[in-house]
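Contents: one structure, followed by commentary.
The values are calculated or read from the model by the stated rules, or taken from the named source; none is laboratory data. The shown structure was predicted, so the numbers you read here are calculated from the model rather than taken from an experiment. Here the Cβ positions follow ideal geometry from the backbone for every residue, glycine too, while neighbour counts run over all protein chains shown.
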Protein chains: 4
Amino acid sequence: MTNFVPTPTVPAPDIVRCAYMEIVVTDLAKSREFYVGVLGLHVTEEDENTIYLRSLEEFIHHNLVLRQGPIAAVAAFAYRVKSPAEVDAAEAYYKELGCRTERRKEGFTKGIGDSVRVEDPLGFPYEFFYETEHVERLTQRYDLYSAGELVRLDHFNQVTPDVPRGRAYLEDLGFRVSEDIKDSDGVTYAAWMHRKQTVHDTALTGGNGPRMHHVAFATHEKHNIIQICDKMGALRISDRIERGPGRHGVSNAFYLYILDPDGHRIEIYTQDYYTGDPDNPTVTWDVHDNQRRDWWGNPVVPSWYTEASLVLDLDGNPQPVIERTDASEMAVTVGADGFSYTRKSEGEGAEAQGFKLGAQV
Amino acid sequence: MTNFVPTPTVPAPDIVRCAYMEIVVTDLAKSREFYVGVLGLHVTEEDENTIYLRSLEEFIHHNLVLRQGPIAAVAAFAYRVKSPAEVDAAEAYYKELGCRTERRKEGFTKGIGDSVRVEDPLGFPYEFFYETEHVERLTQRYDLYSAGELVRLDHFNQVTPDVPRGRAYLEDLGFRVSEDIKDSDGVTYAAWMHRKQTVHDTALTGGNGPRMHHVAFATHEKHNIIQICDKMGALRISDRIERGPGRHGVSNAFYLYILDPDGHRIEIYTQDYYTGDPDNPTVTWDVHDNQRRDWWGNPVVPSWYTEASLVLDLDGNPQPVIERTDASEMAVTVGADGFSYTRKSEGEGAEAQGFKLGAQV
Amino acid sequence: MTNFVPTPTVPAPDIVRCAYMEIVVTDLAKSREFYVGVLGLHVTEEDENTIYLRSLEEFIHHNLVLRQGPIAAVAAFAYRVKSPAEVDAAEAYYKELGCRTERRKEGFTKGIGDSVRVEDPLGFPYEFFYETEHVERLTQRYDLYSAGELVRLDHFNQVTPDVPRGRAYLEDLGFRVSEDIKDSDGVTYAAWMHRKQTVHDTALTGGNGPRMHHVAFATHEKHNIIQICDKMGALRISDRIERGPGRHGVSNAFYLYILDPDGHRIEIYTQDYYTGDPDNPTVTWDVHDNQRRDWWGNPVVPSWYTEASLVLDLDGNPQPVIERTDASEMAVTVGADGFSYTRKSEGEGAEAQGFKLGAQV
Amino acid sequence: MTNFVPTPTVPAPDIVRCAYMEIVVTDLAKSREFYVGVLGLHVTEEDENTIYLRSLEEFIHHNLVLRQGPIAAVAAFAYRVKSPAEVDAAEAYYKELGCRTERRKEGFTKGIGDSVRVEDPLGFPYEFFYETEHVERLTQRYDLYSAGELVRLDHFNQVTPDVPRGRAYLEDLGFRVSEDIKDSDGVTYAAWMHRKQTVHDTALTGGNGPRMHHVAFATHEKHNIIQICDKMGALRISDRIERGPGRHGVSNAFYLYILDPDGHRIEIYTQDYYTGDPDNPTVTWDVHDNQRRDWWGNPVVPSWYTEASLVLDLDGNPQPVIERTDASEMAVTVGADGFSYTRKSEGEGAEAQGFKLGAQV
């Protein structure tokens, strides 16, 4: 039985959106080459140990902090809240949950003011802040616009063993579910949850966790994503293109997954849909639908299911990883024991229902 | 030792371009649904047994003939020559080669005049014609322009066991090589050959043959190809998306391979480059370069290497398939016995050179 | 002196977004040909006098109602509110403002439930509703996806003589200003105001009003908009392309203005930016900046400044049009009496500051 | 009566394509900023007085030479011929025409070998060469690929008073006409002529000449052209966007015209069509068809009709400009004396035939 996180009696903080991620990298120069040289993120400021990066259309100080450290990991998933008072609300909320919290009036990073960081019930380091330095929004700086330009931070993705537990916790925190993946036995494999009016600010992927599955940046159009692939080919680092490009079934976005020098996974993502109405319809996908993860039925590589980044506690130590005990999406859909279908056909067997094995070994 | 095809003493016919393919399909209604309903090719005319299709910007009668028949196969690879006299030249050329030829003043298909068909030295049914009915060129009929519009026939691709033999034969016929794939032992795995000013009018892929590997249509932009994938997903036939979309290393084109109801392979292709200068540089790829077939290092599915369509002799019987004896590209690059690299690195081993296994089974 | 609309003591209704517009057309068959045949909007339902249309990604019943009538005009600008109770709030709010209101539990159109319509202080027919019939969201119906597909209703645009008065009224109603156009004398020429997280749900354009300037639908990418132009060229109705395509300075969106058979103006619009943060920076443009309306400095045609659609009162009679007394944007920026610059240059005169006259007569 | 250029008795040189243009600029640093900084052309080499530029997919030494000089003008329209012997053929051909020629075995510019330059019968400085240094083709250097990347030189455009005379001369030289603009009185206003398999290598525009109307570079896709506009907006040089972007009627290409610091006109161009068949249909446009120059009926600015660059004789002096005596396209189609229509309608008058005045003054 799942032990659900209790719902606090105090109001949840009013979250606006996912705002930035702080990641620890083991070779800052190499990471700079990747995020600035290859991906073209814009440097707000930097020093010997830290680089503050933002996407083209951002006006807050940063969307990504790279910090030099001994172990590749994620130090914070940071959300912006609606007002300074909501930082107090966040602190009170997590205290009632019995979580460890740390408040810093001067912020945990440059460019961010009064913030609280918490070790949340799922083991993730969440941050909540309102105050931030406004910087030049580069929206119309087309003189700086690269062919694969990243224009917005779109979302986080977290790996957690018990998706229904995580989902209930996030719903209490004010997130709404846009889509999920289930099976007919009632197992939930993943859920997409939003505050802003897109498909998600964060998603929960069932697996051993707490770990960070990926952080996603948006481009304007699909060709921008193709250019990133083309450039990685030109730089002869195509082995760091992990999966895609493709069209997601879930979210309908055009996507690409790539790996930074430490193996942190970055998604490049464009053109999901508006979710701002209160009765926005939730879409549930059958885990056996072979178009759920890729609308074209292209195979998901095993590493995408199994690999993810460690997350840190508030002392900077990696959180222990707890194994998922529910069925694994990879196991139930791929290979000898799993099955998937292209269409729910009247007929029997593979021919009627289709399925693309799709891959060599 | 390879037995090369002798070079005739009479001049080769002056070929303009690949013009159309005639394929035999086993269920004409199903094929119509695929080529017209899904792909949006334009029907020039049709009767009970035959459908004549053209791409948007074509002004000759057709680029593809679908003919109902008992066995899925290819009846003709048809090239347009520069003048009526060149049909005579073609007939004389193949006669001197000792090939079986058939001349029909009224053409082999509707909309085409005086033509000669031959069983060429590699076993393929080639046709040469000049006369054709001009039809409405739909270039500016944007009222008919679908989101995945096919605008031109781009090329053929033929499977043949002995690529150097085929290449020498086609060079005699006036084709020039734009790109090829080789290894350090001198084995040629594939060659791309053109008459018009693109990367190819036809390519030779090493394998058991004679067989037709694919026929390719061009779109204007990359998003048109993505739409074809998206539409096949919506129609729940993503299991007929065989490979891609991706960026080719060879040719630099953006590509997609899909399968028609009989398993005939269609490529959708866009944005290769100009090859019209007499000294256009030939590009040679190392067979172990993992970006040669897909610039992003995404895996080539085994079926793409092994499956192809039968071709017919002039009596309409399938040509026997002869096994390739040279090394197979799939064997030397994939799996336990093969190897591929992302970059030619100084260091040793997989980490330095990279390689994306990329796939589940 | 401007007479500002008083702020009611009761809370403003909590508006989610612009949801649909009801327009009166004088020849329903012609309008159907335009909106369905040319633009590809999807028919939810229709009868002899009325057609209910929606964009691809919409799940509420409609985004546009075409109603046959004697005079081309706009019958309603309809907003969705956050809950059924907010319809009560809207009614109370406008009653306190002394506006005429009409409440219909069964809705004013098919597919919409309990609604209130008002004659607002600026003379516009506003509607507020929550209840609506959910219909199939066609987001992944790529089999229906046309090359110029309209995927969302984006915004309204209203012509009103006194922009500061209108702006203050809409701010009281909960809208926030994303951008505006002013001059150094303090005259406001236009303002963009949003509830959802885009640049606007509605905008105020200074001019004789109340009139409807345009209603805007979004596409996914820029090429979709170009296709709409291309198609109108193919149909030989390019004289109904009024302005564009181009890049807006204000909003940064790629745009196109076209005219329906009655002269109602439709904008096609894509890729503005996220405005959801509470401190989203407001952008103010100088009315003399020649890139404010078109980032490329292309001229705004006079009709775009002068023409607009009548709006109806709750009895279905056209509202009288009141003249703008403030300076007109057209007059101050174009021609003999106006001036515009490409850049704020140190030097004097046209050469240093640039300006593109851009047009013939 | 037109005095046609006599057809020589010796064979015309076998021209492959337009290859490069040499232009004189009055401020080399400013021009470098435009062609390299704004447009991103690639520098093959440069010295104090000269810059050699090429497009991404070019393998010959250059497509554009910028040479510092006292008067902005064009020094050469250079064509590549099929073999070294064809340079001899060109020299003989123009000698028989009585034209001044100059042969330089070492070439007129760096990177080009044995060449002949001529003052052709229309007064243009034409060059013919075969030998050239091959340089790195940057086709797959996506690490260098800018968002508005120029990938090929596409064509020249020349202003000449007597289009039929120029056309007959170029047809003798082996060019074929793809499209032209005429009126019902038999006046020819412009003609598009090709050697390579696109719509043109050069075009003749009726007007005072000899002058250079523009030189055109191709992009891969339409969004690349839009980015060039966006970047010029960001750099606050939108006053150098002269016309477009738009869709041509003639050629069907998507286009943009911009002006370099000396007023030399550059076209950015993409997606015309294949013309390689010997019987490629010629398209004739009515000069009164308002979609001929812009498929969307957007107005052609007067400067586009009237302004052009001087061309130099072989001594480097500007050729005198001769006035066109035939009707002017601008005069017959625009304003008080001209007329244009959107559609050939049964009805009478502007309403039935349409026409977009489209512009302010």
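Brief remarks on what is shown
- Tallying residues that are touching an Asp or Glu at 6+ places or on another chain (Cβ under 8 Å) and of a type outside the set (S, T, N, Q) within segment D:208-235 yields 12.
- Test: residue in segment D:151-162 that is in contact with a helix residue (DSSP H, G or I) (Cβ under 6 Å, 6 or more places away or on another chain) and either surrounded by fewer than 24 Cβ atoms within 10 Å (Cβ to Cβ) or among the hydroxyl-bearing types (S, T, Y) (or both): yes
- Filter result (hydrophobic (A, V, I, L, M, F, W, C) and modelled with pLDDT under 95) within segment D:149-185: none
- Among the residues of segment A:250-264, at least one is within 8 Å of another protein chain (Cβ to nearest Cβ) and not charged (D, E, K, R).
- Of residues in segment C:102-117 being within 18 Å of C:D315 (Cβ to Cβ) and touching a residue at least 60 places away in the same chain (Cβ under 8 Å), the one surrounded by the most Cβ atoms within 10 Å (Cβ to Cβ): C:R117
- Here A:H42 passes the criteria (1) within 17 Å of A:F124 (Cβ to Cβ); (2) surrounded by 16 or more Cβ atoms within 10 Å (Cβ to Cβ) except the one numbered (1).
- Failed condition for B:I181, given (1) of a type in the set (V, I, T); (2) within 24 Å of B:L53 (Cβ to Cβ); (3) surrounded by 24 or more Cβ atoms within 10 Å (Cβ to Cβ): (2)
- Unmet criterion (only one of (1) more than 14 Å from chain D (Cβ to nearest Cβ); (2) buried (at least 20 other Cβ atoms within 10 Å of the Cβ)) for C:Q353: (1)
- Among the residues examined, D:P125 qualifies as of a type outside the set (K, R), away from chain A (no Cβ under 14 Å) and under 30 Å from D:L39 (Cα atoms).
- Matching strands (runs of 3 or more DSSP E) fully within segment B:1-81 where at least 1 residues are within 14 Å of chain D (Cβ to nearest Cβ) and of a type outside the set (F, W, Y): B:15-25, B:50-54, B:73-81
- Any chance B:K196 is outside any loop (DSSP other than H, G, I, E, B) and modelled with pLDDT of 95 or more: no
- Filtering segment C:86-132 to residues that are of a type outside the set (D, E), under 19 Å from C:L310 (Cβ atoms) and within 20 Å of the chain's Cα centre (by Cα) leaves C:R117, C:V118, C:P121, C:L122, C:G123, C:F124, C:P125, C:Y126.
- Verdict on A:R343 being under 20 Å from the mean Cα position of the chain (by Cα) and either closer than 19 Å to A:H200 by Cα or basic (K, R) (or both): no
- Restricted to helices (runs of 4 or more DSSP H) entirely inside segment C:297-361, those with at least 1 residues that are at pLDDT below 85 are C:349-353.
- Scanning segment C:1-39 for residues that are hydroxyl-bearing (S, T, Y), crowded, with 18+ Cβ neighbours inside 10 Å and either out of contact with any Pro (no Cβ under 9 Å at 6 or more places or on another chain) or modelled with pLDDT under 95 (or both) returns C:Y20, C:Y35.
- Taken together, the criteria exclude C:S178 from residues that are under 18 Å from C:N298 (Cβ atoms), more than 10 Å from chain D (Cβ to nearest Cβ) and either part of a strand (DSSP E or B) or in contact with an Asp or Glu (Cβ under 8 Å, 6 or more places away or on another chain) (or both).
- Residue list for segment D:209-225, filter: out of contact with any Phe, Trp or Tyr (no Cβ under 8 Å at 6 or more places or on another chain), assigned to a helix (DSSP H, G or I) and more than 7 Å from every other protein chain (Cβ to nearest Cβ): D:N224
- Top-ranked residue in segment C:270-290 [being under 30 Å from A:H61 (Cβ atoms) and more than 10 Å from every other protein chain (Cβ to nearest Cβ); ranked as surrounded by the most Cβ atoms within 10 Å (Cβ to Cβ)]: C:T275
- Qualifying residue in segment C:296-318 (condition: within 14 Å of chain D (Cβ to nearest Cβ) and in contact with a His (Cβ under 7 Å, 6 or more places away or on another chain)): no
- Residue match in segment D:57-65 (condition: of a type in the set (D, E, K, R), in contact with a strand residue (DSSP E or B) (Cβ under 6 Å, 6 or more places away or on another chain) and farther than 25 Å from D:G174 by Cβ): no
- Of all residues in segment B:232-245, those that are more than 8 Å from chain A (Cβ to nearest Cβ) and buried (at least 23 other Cβ atoms within 10 Å of the Cβ) total 2.
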